[in-house]
1. Residue by residue through segment 34-51, note down the ones that are in a helix (DSSP H, G or I), under 16 Å from H105 (Cβ atoms) and over 11 Å from the mean Cα position of the chain (by Cα).
2. Taking segment 78-129 as the search range and keeping residues that are free of Cβ contacts under 8 Å to residues at least 60 places away in the same chain and charged (D, E, K, R), which one is least open to solvent (accessible area, probe 1.4 Å)?
3. Residue check: is T5 more than 25 Å from W120 (Cβ to Cβ) and outside any loop (DSSP other than H, G, I, E, B)?
4. Does D43 satisfy the condition of being open to solvent by less than 60 Å² (accessible area, probe 1.4 Å), among the acidic types (D, E) and in contact with a strand residue (DSSP E or B) (Cβ under 6 Å, 6 or more places away or on another chain)?
5. Return the residue satisfying two criteria in turn: it lies in segment 52-69 and is open to solvent by less than 30 Å² (accessible area, probe 1.4 Å) and in contact (Cβ under 8 Å) with a residue 24 or more places away in the chain, and of such residues it is farthest from L108 (Cα to Cα).
6. Only residues that are outside any strand (DSSP E or B), over 10 Å from M1 (Cα atoms) and of a type in the set (A, V, I, L, M, F, W, C): list them for segment 104-123, please.
7. Any residue in segment 88-109 that is among the hydrophobic types (A, V, I, L, M, F, W, C) and touching a strand residue (DSSP E or B) at 6+ places or on another chain (Cβ under 6 Å)?
8. Condition first: open to solvent by 80 Å² or more (accessible area, probe 1.4 Å) and closer than 21 Å to L111 by Cα. Now tell me which residues in segment 2-33 satisfy that.
Amino acid sequence: MRLGTHVTGGVLAYTVSATFFQLPWTATGVVVAAAASVAPDVDTLGSTVGRVFAPLARRIERRFGHRTITHCYAAQGAVAVVALPLVWLGAPHLYAAVVAGVVSHSFLDTLTVQGVRVFWPWSDRRGVL
């Protein structure tokens with residue numbers, strides 16, 4: 001997927017989750033959702049975010065490969081837990097933005113031919129829709 005597709009998907013997922021959970025929809029939430037939706041691609045130098053964070057992307061790509069450690073369900077769960085203090089700090093809409101952005105990224109990547117190793121590190125099977 002391309003950067004614009006991931007940003008659009010992340011903002012759409014944030015909009016849907018904010019509406020469903022009756023959370024405020026804010027410009028800050030849109031920016032957070034957009035950033036979170038491209039963050040998983042820090043695992044490859046072939047992406048815009050990977051080129052911005054090249055030293056990190058190079059290390060992740062060499063060690064784990066693309067669409068593994070940053071795209072799997074375990075990573076999504078870890079992000080959801082790490083971002084949980086946003087709820088306690090009175091910003092549940094930002095929590096929704098982070099989680100929706102990250103989850104939308106992997107979902108959109110499952111729509112490609114390459115798919116995503118969603119159960120990595122336990123399985124190398126790829127999820128493809």
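The values are calculated or read from the model by the stated rules, or taken from the named source; none is laboratory data. These numbers come from a predicted model, not from an experiment. Reconstructed Cβ throughout: ideal geometry from the backbone, glycine too, with neighbour counts over all protein chains shown. Surface areas here come from the heavy atoms of the whole protein model, side chains and all, with no ligands, DNA or RNA. Shrake-Rupley method; radii C 1.70, N 1.55, O 1.52, S 1.80 Å.
1. Across segment 34-51, the qualifying residues are D43, T48, V49, G50.
2. R117
3. no
4. When the stated conditions are applied, D43 does not pass them.
5. Restricting to residues being open to solvent by less than 30 Å² (accessible area, probe 1.4 Å) and in contact (Cβ under 8 Å) with a residue 24 or more places away in the chain, the top hit is T68.
6. F107, V113, V118, F119, W120, W122, listed by residue number.
7. no
8. R2, L3, T8, L12, V16
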